[in-house]
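Here the structure comes first, spelled out in structure tokens, and everything after it is commentary.
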Amino acid sequence: MYRYLLLLLFSLVFPICISFETITQNQPLKDGQILVSYQKTFALGFFTPTNFNHRYIGIWYNQITKQTVVWFANRDNPLYDKSRVLSINGQGNLVLHTQNQSIPIWSTNVSTSASPTNNSMAKLLEVRNLVLLQQDNQKVILWQSFDYPTNTILPFMKLGLDLWTGLNRYLTSWKSKDDPGTGNYSYRIVTIGYPQLILYMDQTPLWRVGSWTGLRWSGVPKMAPIYPFNASYVNNQDEITIAYGLIDPKVFSKMVVESGTMQLSTWHETRWVEYWSGPQEACDKYLGCGPNSYCDPYNGDTFECTCLLGLEPKSPRDWHLRDASGGCVSKECLHAIMEKDTSIARVDMSLSLIECEQQCLRNCSCMAYASANESEGGFRCLTWHGNLVDTRTYFDTGQDLYIRVDAVVLAKRQSTDSSLPNFKDSPSRSEFDGSKSNSKFPVYDLKTIIAATNNFSAANELGKGGFGSVYKGLLQNKMEIAVKRLSKHTVQGVEQFKNEVALIAKLQHRNLVRILDETKRSCLDWRKRFEIICGIARSILYLHQDSRLRIIHRDLKASNILLDNALNPKISDFGMARIVGGDQIEVNTNHVVGTYGYMSPEYAMQGIFSIKSDVYSFGVLLLEIIVGKKNGTYYHDGPSPYLNEHVWDLWREGKVMEIVDASLGETYPANEVLRCIQIGLLCVQEHATDRPTMLTVVFMLGNDIPLPSPKQPAFISTSTNNNRDMLTSVNEISISEIDGR
């Protein structure tokens, strides 16, 4: 008796439903009955949502206490009574209709080859998928609910485009909290440009979830591979889709689009627990900072929007009012930003990151590049052309993004701010969102560098300085490289090394110029040496005057000049360089950097540097080229042990031509060589005001005009350079002494 009473009470709380495993033409599903999956994890049937009177047919979790519907068949065609049936009709389709009428309210509506008998059947698979099958060949799926998602994506369910059929699977929100009809928020893969996920409100993007990085969607840091999820992305000739799976089949999870948000949750005992959701912060808002800027949520109390390097707000007034929607523009071209960006992102899956950089540099419209797949060690090339849209930073994740920036602009930023933003990558249309670092460069692991330099062999050493040594290397793709290896005993700081990278990383040359040894010195006749002298002078003039920002190199010497294949000189090693205002005459510093023997006296003694400091260094370099020996390794048996002093003594004695490199023989034009010696002495005069500017030097080199008589040079000796074979770059000296002779 008690057993029957208990059964009666139980049935009043939980109505007993008749369950089936299949729907056939002879076995329809009526209201009050359910279709269950093999292990009864999921159920399909008729139900009424909370606070709503209409009836729907859908799929829900069958083994959790809180009813959670994950799919609706008739979300936009609700039922108003319980006289409905889900069955297989004579054409083999699954249809929802009244018991007395044959007109369907909802149907799978597919063309089948089934005869008008009972060849079709419907099953609910354990992976939450309702499928329409042929009974005699159940491997053939005629229709599946996974192809028609509503507001929820489940494990092993695909979102995206079938390129053969044109079927596009995407999520749409409910109309309201209580109405499961199709709402105006959608979550979909956009295939224009490089595919990416976007959350829309109607046709307006709200949140760019980003592109696939090889490990995750770029806009979802928490989506990095982690137990219990594993995501997969497919982009081939058949489909462009994303799906996520579960490592542990006992874990229940769902990803739902709601009113303006996406949320991934897992079931824990009695409730759904959020795993990640978005958008979460101001920087997630699509185009919140406008074109050509980036959003940094870690700015504290300051405005999160910042223009990319070299750009400024299109509307400073709006920017001041914290409205950055107008974005940023070039300081020279205020009309450059269009109201709507119509360019596209491009991908080339055959290129390495180095090849990607080269391709981008060859195309003037290319504004940035990144690896299209971080899971493959930086291979596959992604480039952006046009306005850079929806860029943002992340604290501890993302991809390296390489932005095209004027070298001078980058140098100015580096000199004033050692921390540049990290960016997150992801594109589509022509937009991207950045992911780490606009100042980083291609990275090689130590194994690759060791192989390229033959384990830093002495035979590959190109030169040595205060920082350590430079080695010649050869990559597997036959590209020649130079590798700077910092010594653990280096006197050049890491910041100087970073400064150099920021300024000259885009310069790639095969040869490092040094004062050549005896066997190679004869390869440089006077004509070639003179061309190198003039080329160096023009390069320094560009830094001092012709570039938009005035750059003082502070470490000009022979080993910091590069030659290309045609022996054209290029200035390198900007580790010590400083940018100064165009109207600045001189600058003071507490840290004297540079190389003994090349420093001007006012810089070595007082820390005062100016363009005339570089002029002094150029004068020493010019004399070295004529003599064919380095200043620090020049020995003289007489009373003048230093190059400047020795040349000056011979100049006063009328014997200065004795210093000319003997390897030139008698073939050089004596008057031109003598003129260059005189220019060199003018450049190394003791007082900065007496030295010519580089503009004057270039004019004197190119024109046969009378030259002023040089005054006595500065002869500098320091307590640290008694070993004259060790003229190295330093980042600080504390004692100097000037001796006049």
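The values are calculated or read from the model by the stated rules, or taken from the named source; none is laboratory data. All figures in this text were calculated on a predicted structure; none of them were measured in a lab. Cβ placement follows ideal geometry from the backbone for every residue including glycine, while neighbour counts extend to all protein chains displayed.
Which one of these is touching a Gly at 6+ places or on another chain (Cβ under 9 Å), at pLDDT below 95 and farther than 30 Å from T204 by Cα: S102, S120?
Result: S120 is the single residue among S102, S120 that is touching a Gly at 6+ places or on another chain (Cβ under 9 Å), at pLDDT below 95 and farther than 30 Å from T204 by Cα.
Hey, any hits in region 638-645 for a residue that's modelled with pLDDT of 75 or more and assigned to a loop (DSSP other than H, G, I, E, B)?
Scanning region 638-645, I find no residue that is modelled with pLDDT of 75 or more and assigned to a loop (DSSP other than H, G, I, E, B), so the answer is no.
What residue, of Y38, Y80, is among the aromatic types (F, W, Y) and either modelled with pLDDT under 85 or over 53 Å from the mean Cα position of the chain (by Cα) (or both)?
Within the list Y38, Y80, the selection yields Y80.
Taking only pairs six or more apart or across chains, which ones have beta-carbon atoms under 8 Å, a first residue in region 596-608 that is assigned by TED's automatic domain parsing to the domain that holds A714 and acidic (D, E), and a second residue that is modelled with pLDDT under 75 and surrounded by 20 or more Cβ atoms within 10 Å (Cβ to Cβ)?
none
Name the strands (runs of 3 or more DSSP E) wholly inside region 388-479 in which the number of residues that are more than 30 Å from N363 (Cβ to Cβ) and modelled with pLDDT under 75 is 3 or more.
Because the criterion is at least 3 residues that are more than 30 Å from N363 (Cβ to Cβ) and modelled with pLDDT under 75, the strands (runs of 3 or more DSSP E) in region 388-479 that meet it are 461-465.
Taking the conditions exactly as written (in the same structural domain as A577 (by TED's automatic domain parsing), touching an Asp or Glu at 6+ places or on another chain (Cβ under 7 Å) and either assigned to a loop (DSSP other than H, G, I, E, B) or of a type in the set (V, I, T) (or both)), does I677 satisfy them or not?
Here the answer is no, as I677 does not meet what is asked.
Please work out which residue is modelled with the highest pLDDT, limiting yourself to region 514-543 and to residues that are in contact with a helix residue (DSSP H, G or I) (Cβ under 6 Å, 6 or more places away or on another chain) and outside any helix (DSSP H, G or I).
S522
So, in region 37-62, of the ones that are in a loop (DSSP other than H, G, I, E, B) and touching a residue at least 60 places away in the same chain (Cβ under 8 Å), which residue ends up nearest to L171 (Cα to Cα)? Steps first, answer last, please.
Pass one, region 37-62, residues in a loop (DSSP other than H, G, I, E, B): 37-41, 48-54, 62.
Of the ones still in play, those that are also touching a residue at least 60 places away in the same chain (Cβ under 8 Å) are 37-39, 41, 49-52.
Working: S37: 23, Y38: 26, Q39: 27, T41: 23, P49: 19, T50: 21, N51: 23, F52: 22 Å.
Out of the qualifying residues, it is P49.
Taking region 164-202, which residues are in contact with a Ser or Thr (Cβ under 9 Å, 6 or more places away or on another chain) and not in a strand (DSSP E or B)?
Matches in region 164-202: Y170, K175, S176, K177, D178, P180, T191, I192, G193, Y194, P195, D202.
For region 662-676, does any single residue satisfy the condition of being over 21 Å from L524 (Cα atoms) and either crowded, with 16+ Cβ neighbours inside 10 Å or modelled with pLDDT under 90 (or both)?
no
Being free of Cβ contacts under 8 Å to residues at least 40 places away in the same chain, in contact with a strand residue (DSSP E or B) (Cβ under 8 Å, 6 or more places away or on another chain) and either assigned to a loop (DSSP other than H, G, I, E, B) or in the same structural domain as R169 (by TED's automatic domain parsing) (or both): is that true of S259 here? Give the derivation first.
Values: free of Cβ contacts under 8 Å to residues at least 40 places away in the same chain: no; in contact with a strand residue (DSSP E or B) (Cβ under 8 Å, 6 or more places away or on another chain): yes; either assigned to a loop (DSSP other than H, G, I, E, B) or in the same structural domain as R169 (by TED's automatic domain parsing) (or both): yes.
When the stated conditions are applied, S259 does not pass them.
Mind telling me which of the residues P195, P279 ends up being crowded, with 16+ Cβ neighbours inside 10 Å and within 21 Å of the chain's Cα centre (by Cα)? Steps first, please.
On the way: P279 fails: within 21 Å of the chain's Cα centre (by Cα).
So the residue among P195, P279 that is crowded, with 16+ Cβ neighbours inside 10 Å and within 21 Å of the chain's Cα centre (by Cα) is P195.
Starting from residues that are part of a helix (DSSP H, G or I) and among the small types (G, A, S), keep the ones in region 680-709 and report whichever is modelled with the lowest pLDDT. Working first, answer last.
Taking region 680-709 as the starting set, the residues that turn out to be part of a helix (DSSP H, G or I) are 680-683, 688-690, 694-702.
Then keep just the ones that are among the small types (G, A, S); that gives 680, 688, 702.
On the way: G680: 94, A688: 89, G702: 86.
The residue in question is G702.
Taking into account only those residues within region 218-256 that are outside any loop (DSSP other than H, G, I, E, B) and touching a Lys or Arg at 6+ places or on another chain (Cβ under 6 Å), which is modelled with the lowest pLDDT?
Result: M223.
Could you list, in sequence order, the residues of region 581-615 that are assigned to a loop (DSSP other than H, G, I, E, B), at pLDDT 75 or above and polar (S, T, N, Q)?
Within region 581-615, S600 is the sole residue that qualifies.
Within region 123-147, can you find the residues that are at pLDDT 85 or above and among the basic types (K, R)?
K123, R128
Give region 650-661 a look and list any residue that's farther than 22 Å from G535 by Cα and in contact (Cβ under 8 Å) with a residue 12 or more places away in the chain, or say none.
Within region 650-661, W651, V656, M657, I659 qualify.
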